[in-house]
Amino acid sequence: MTQLLPDISKILSLASTEPTWGPNGKDVYERTYQRIKADGTKETWDDTVRRVVKGNLSLVPAERIEAGEEEELYNLFYNFGAIPGGRHLWMSGVEGRQFLFNCYVSGWGDSLSDHFAFTFNQLMEGGGVGANYSSKYLKDYNVYNMVRVHIVCSPEHENYKDLEEAGLLSSVYVAEYGGAIEVDDSREGWVEALTRTIDLSTEYQPAGYKYDKDTGEYLPELIFDVSNIRAAGKRIKTFGGTSAGPVPFARMMTQVAMLLSDAWLNGVSGPFAMDMDHTIATCVVSGNVRRSARMSIMHWDDPWINWFLTCKQTTLSHWSTNISVEIDDEFVSYIQDSSSPESESDIAKRNRARQVYEAIVYGMLENGEPGIWNSSLSNVGEPNLVIATNPCGEIALEEWENCNLGHINLGAFVSNDGIVDYDGLARAHELMARFLLRATFGDISDPKTRDVVLRNRRIGVGHFGFADYLAKQKILFSKSWQYGGVAEMLYTNKYIVDRALAKYAHELRIPVPVKSTTMAPTGTIAKLAGASEGIAPYFARYYIQRIRFSTVDPSQAAKLQSYKDQGYNVVVDPSTPYTEVVEIPTKTSMVSTLEEMGIAPHYAQSADEVKFEDFLQIQAMYQKYWADNAISSTINIKPNLHNVPEIMETIKPFLGVLKGTTVFPERGYELPPLERVTLAEYEALRGSQSVLEGDAIDPDCATGACPVR
């Protein structure tokens with residue numbers, strides 16, 4: 001590739017104390033990443049970037065930093081030429097310990113409690129957790145005892161009556177009972193209580209049996225005193241937000257005891273383990289401070305696969321997790337090979353594979369789940385077995401391993417003359433690779449995670465602004481996989497990343513990362529810059545976006561009033577109490593950019609203009625030339641235009657090519673977060689309402705819930 005704009009500063013130069021935010025980028029920043037400084041004032045973006053860069057550089061000796069690297073990183077991040085993952089923005093450079101990693105895979109250890117304690121701990125830290133619930137990982141666990149859990153609390157506690165009204169207080173013990181275990185008001189205290197309960201249930205001959213006069217049995221029991229847990233609404237200083245009080249903890253412990261009793265009767269299974277993790281995740285979410293982002297995976301030939309395929313279609317019991325079916329080379333051969341199997345067992349397995357495949361695609365068209373994860377392809381190039389993915393699916397991980405992500409804004413390196421700064425783009429990839437490799441020296445509290453990170457040093461350099469990169473060069477998104485120059489750009493920068501990592505790892509005397517590149521959704525990150533997300537096309541050139549606000553939450557109510565004062569149309573949400581919806585006519589900012597460049601707006605291609613097979617081809621291009629980890633990109637389709645046999649046939653050639661596949665149906669329903677409109681409809685709306693230019697909605701906050709940092 002030739003050098004066109006040799007100086008990165010021609011695109012990424014610091015011009016003022018405020019960057020060029022995306023349409024609501026500053027709101028996203030202030031809500032999600034802005035910290036309070038020691039003097040009580042709030043960080044500016046300048047403060048945040050300086051904190052992040054200095055914190056990252058502090059992780060290695062000063063002699064391992066290139067001359068001018070700090071200034072280059074600052075300039076790159078400040079102007080959104082690249083942005084590290086959200087946890088880096090939130091925690092890098094923070095006083096004390098820097099917990100820089102956001103997503104994990106929870107494994108299956110020597111004791112059953114290892115998995116659930118790890119999941120609980122990481123979710124409470126604001127991380128996401130993936131897990132594989134296939135029977136082969138659970139077959140050696142047993143629950144030997146039905147454990148009875150009692151909750152006691154001082155009547156003086158602010159939430160005593162809440163516990164009483166919820167029926168969570170013990171009818172046998174009172175708070176003054178001397179044998180109760182006091183639950184510490186900390187993440188560690190809650191994890192310890194959960195661990196203690198699970199361990200007691202799995203002990204072959206537990207101590208502490210008590211005669212139960214109602215059942216005539218002797219049962220082990222635990223009495224937890226929640227009097228020390230701070231009241232609901234009190235501030236949590238360490239990770240931000242407010243306390244949910246003792247009720248979610250008490251409810252979780254009561255439900256955990258019931259689930260363990262069920263496992264005592266029916267055995268430890270995938271459904272049991274998923275129910276346990278969902279109960280834990282629900283407790284974490286109850287504080288309305290963090291989401292519990294999770295991924296649940298089960299092998300296609302598992303005895304519980306039929307349950308797994310429909311676990312989110314028939315009930316609401318697993319809303320806290322994404323689900324994906326693990327496929328492998330055997331599955332792919334059964335689907336793609338049209339020859340007749342020789343043995344009866346092969347015939348039976350082929351029929352089972354095809355039945356599962358049909359059920360997968362049916363679920364995709366119904367509600368977008370399950371997705372597909374190819375474990376055979378994901379394990380190519382891995383030194384040890386990866387068993388599951390992070391919640392979004394862009395990184396396959398070993399047990400206890402974590403994600404470490406950063407993203408290059410491809411569109412930032414195309415000028416408004418349509419000229420690509422290839423040298424600047426290359427340097428951005430080098431800088432991000434070095435940044436993420438340094439981050440592997442960050443604090444890791446769990447020794448199991450620390451061991452695998454020090455061994456693997458896995459990172460994930462990714463992209464956003466791909467649609468911007470194409471549109472400014474007059475390349476249609478749907479045809480991009482046919483342009484050799486796009487594939488060449490990916491291949492070249494993949495080489496640049498790996499070259500930089502090999503050199504830097506040698507200097508730092510550490511292993512070269514096992515894998516280095518990926519594609520994440522980048523929703524919140526892209527909003528900061530107002531860039532297109534991941535490798536997704538634009539939702540539409542013109543649309544209505546709707547943002548929901550609580551009328552009883554003071555901060556949300558104030559924001560809602562601000563929108564009303566600006567003239568936006570506001571309607572009452574008929575499906576959710578105390579909720580109103582702001583409707584904003586929106587024009588994708590790239591349309592105006594293209595108009596200024598003298599380029600036809602249709603190059604800002606809308607998702608509904610891209611054929612399903614073209615989406616798959618683009619993902620395949622990225623998988624082949626860029627991502628040695630995986631790709632997270634959901635393909636949105638209109639189900640009325642497709643059917644199960646057609647989608648099965650279209651996906652079939654890609655089963656052995658893509659490490660993951662996710663399809664989501666766009667269905668019409670009342671007051672959707674996004675609704676496409678024509679130019680004429682947009683112009684009509686603009687005449688009566690305030691309008692916005694740019695991709696302003698943060699999908700994670702469309703319901704008022706904040707994303708995982």
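The values are calculated or read from the model by the stated rules, or taken from the named source; none is laboratory data. All of these numbers come straight from a predicted model, not from anything done at the bench. For neighbour counting, all protein chains shown are included, and Cβ atoms are generated from backbone atoms with ideal geometry for every residue, glycine included. SASA here: full protein model, heavy atoms, side chains in, ligands and nucleic acids out. Shrake-Rupley method; radii C 1.70, N 1.55, O 1.52, S 1.80 Å.
Quick notes on this structure:
- Between D262 and Y578, the C-beta separation translates, for a Förster distance of 30 Å, into a calculated FRET efficiency of about 0.25.
- log₁₀ of I(q)/I(0) at q = 0.13, 0.17, 0.21 Å⁻¹ - the stretch 553-702, Debye sum with one point per alpha carbon: -0.84, -1.15, -1.34
- Each peptide in 274-284, 575-585 receives the mean, over its residues, of other Cβ atoms within 10 Å, and ordering these scores from highest gives 274-284, 575-585.
- Taking amide H as placed 1.01 Å from N in the peptide plane, N102 has its amide H under 5 Å from the amide H of C403, each at least 5 places away in sequence or on another chain.
- For the stretch 433-535, the calculated P(r), taken from all Cα-Cα distances in 10 Å bins from zero up to the bin holding the longest distance, is 13, 36, 31, 16, 4 percent.
- Separation between Cα centres of the stretch 111-173 and the stretch 454-507, rounded to whole Å: 43 Å
- Placing unit charges on the Cβ atoms only, positive for Lys and Arg and negative for Asp and Glu, gives the chain a dipole magnitude near 1000 debye about its Cα centre.
- Eigenvalues of the alpha-carbon gyration tensor of the stretch 256-361, scaled by 5 and square-rooted, set the equivalent ellipsoid semi-axes at 33, 16, 10 angstrom, largest first.
- Inter-label distance, E164 to E342: 7.5 nm, where each label sits 7 Å from its Cα along the C-beta direction.
- Residues whose placed amide H lies under 5 Å from that of T242, excluding near-sequence neighbours: I236
- Normalised alpha carbon radius of gyration of the stretch 57-185 [divisor 2.2 N^0.38 Å]: 1.66
- Relative packing of 220-228, 94-102, 529-537, which averages over residues the other C-beta atoms within 10 Å, highest first: 529-537, 220-228, 94-102
- Stokes-Einstein diffusion coefficient of the stretch 493-614, Kirkwood radius over Cα pairs, 10 °C, 1.306 mPa s, in µm²/s: 85 µm²/s
- Spacing of the modelled spin labels on I65 and A502, each 7 Å from Cα toward Cβ, amounts to 2.8 nm.
- In this calculation the C-beta distance from R450 to A558 is compared with R0 = 56 Å, giving a FRET efficiency of 0.85.
- Among the trypsin sites (Lys or Arg not before Pro) found in the stretch 508-614, those both in a DSSP coil and sparsely packed, with 15 or fewer other Cβ atoms within 10 Å of their Cβ, are R509, K611.
- Given the alternatives (i) 14, 40, 30, 14, 2, 0; (ii) 17, 45, 26, 11, 0; (iii) 17, 50, 30, 4, 0, P(r) over Cα pairs in 20 Å bins from 0, in percent as computed for this entry is given by (iii).
- The chain: antiparallel DSSP beta bridges as a percent of all, rounded to 5: 45 percent
- Label zone at A620 (point 7 Å along Cα-to-Cβ), backbone N below 13 Å, the stretch 631-669: 649-659
- Column: log10 I(q)/I(0), Debye, Cα scatterers of the stretch 403-447, q = 0.14, 0.25 Å⁻¹: -0.45, -0.88
- Gap separating the Cα centres of the stretch 334-384 and the stretch 546-597, nearest whole Å: 43 Å
- Accessible-area value, M519, 1.4 Å probe, nucleic acids and ligands omitted, Å²: 0 Å²
- For the peptides 156-169, 417-430, residues were scored by their other Cβ atoms within 10 Å and the scores averaged per peptide; the highest-first order is 417-430, 156-169.
- Estimated FRET transfer efficiency when R0 is 25 angstrom, pair E646-T678 (beta carbons, to 0.05): 0.35
- Per-residue HN-Hα couplings for the stretch 537-544 [Karplus 6.51, -1.76, 1.60; θ = phi - 60°; Hz; x = Gly/Pro]: x, 6, 4, 6, 6, 9, 6, 9
- Considering helices alone, the calculated mean residue ellipticity of the chain at 222 nm is -11500 deg cm²/dmol, with DSSP H runs of length four and up weighted by -39500 (n - 2.57) and normalised per residue.
- Descending semi-axes in Å of the stretch 14-67, equivalent ellipsoid built from Cα gyration tensor: 25, 15, 10
- Figure legend: label point modelled 7 angstrom from the Cα of Q482 along Cα→Cβ; residues of the stretch 581-604 with amide N under 16 Å from it are 603.
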